[in-house]
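The values are calculated or read from the model by the stated rules, or taken from the named source; none is laboratory data. Being a predicted model, the structure only gives us computed values, none of them experimental. All Cβ positions, even for glycine, are placed from backbone atoms using ideal geometry, and neighbour counts span all protein chains on display. The accessibility values were calculated without ligands, DNA or RNA, using every heavy atom of the protein model including side chains. Shrake-Rupley method; radii C 1.70, N 1.55, O 1.52, S 1.80 Å.
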Amino acid sequence: MRTATADDVDRVFALLKQLGSDYAPDASAFDSTYRGIIDDGSRSSILLVANNSSGTVLGYALTTISPLLYINGSSAQLQELVVDNSHRGQGVGTALVEATEAACRNRQVRQLTVPSRRSANFYERIGYTSTADFLKRTFD
């Protein structure tokens with residue numbers, strides 16, 4: 001597990017295509033956003049990758065951090081967690097969540113939330129509880 005670098009851009013984009021999101025990944029928009037996250041120096045986000053012994057990126061986790069008044073500090077939200085289809089069920093996702101939790105603790109983040117439509121069972125299995133419904137409005 002390690003912090004993502006600019007060199008991981010192509011592999012992370014390939015993994016993003018496996019997310020199955022409502023949005024079709026756009027390479028140009030992705031590149032711009034990815035570079036912004038890398039250049040931010042992890043002030044408002046945590047981008048971690050899991051790689052195997054040969055260095056191939058098997059998954060990534062993107063977490064955003066923001067201050068919240070009601071919790072007396074910062075809150076993090078695990079926005080994206082993707083593990084390559086061929087490596088699911090092997091503990092890669094759990095390791096990414098655990099590394100994200102450790103990074104949050106190191107930054108004195110007070111809570112980590114996870115919006116999830118299809119993966120609630122995974123998160124509940126590793127100790128998360130459902131506390132809210134998430135509603136969304138998109139702006140084109």
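Could you pull out the trypsin sites (Lys or Arg not before Pro) across region 7-41 that fall in loop regions by DSSP (anything but H, G, I, E, B) with no more than 15 other Cβ atoms inside 10 Å?
Lys17
From the Cα gyration tensor of region 72-140, with a ≥ b ≥ c the square roots of its eigenvalues, which class applies: rounded if a/c is under 1.5, or else prolate if a/b is larger than b/c, or else oblate?
Oblate, because a/c is 1.5 or more while a/b does not exceed b/c.
Only Lys, Arg, Asp and Glu count, each charged at its Cβ (+1, +1, -1, -1), so figure out the dipole size of the chain about its Cα centre, rounded to 20 debye.
The dipole of the chain has a size of about 400 debye.
Rounded, prolate or oblate: which fits the chain when a ≥ b ≥ c are the square roots of the eigenvalues of the alpha-carbon gyration tensor, with rounded for a/c under 1.5 and prolate only if a/b beats b/c?
Note, shape of the chain comes out rounded.
Would you kindly find the accessible area of Glu98, with a 1.4 Å probe and non-protein molecules such as ligands, DNA and RNA excluded, rounding to the nearest 10 Å²?
Ignoring ligands and nucleic acids, Glu98 comes out at about 110 Å².
Rounded to the nearest 500, what is the chain's calculated 222 nm mean residue ellipticity when only DSSP H runs of at least 4 contribute -39500 (n - 2.57) each, over all residues?
Only helices count here, giving -9000 deg cm²/dmol.
With every protein chain kept in place and ligands, DNA and RNA left out, what is the accessible area per residue of the chain? Probe 1.4 Å, answer in Å².
Averaged over the residues of the chain, the accessible area is 64 Å².
Give the range of the longest stretch in the chain that excludes all chymotrypsin sites (Phe, Trp or Tyr not before Pro) found in loop regions by DSSP and having at most 10 other beta-carbon atoms within 10 Å.
Here the longest run is 71-133.
Once a ≥ b ≥ c are taken as the square roots of the eigenvalues of the Cα gyration tensor of region 1-83, is the result rounded (a/c under 1.5), prolate (a/b larger than b/c) or oblate (a/b not larger than b/c)?
Cα axes put region 1-83 in the prolate bin.
On the protein heavy atoms, probe 1.4 angstrom, tell me the percent of accessible surface of region 25-94 carried by carbon and sulfur.
That fraction is 50 percent.
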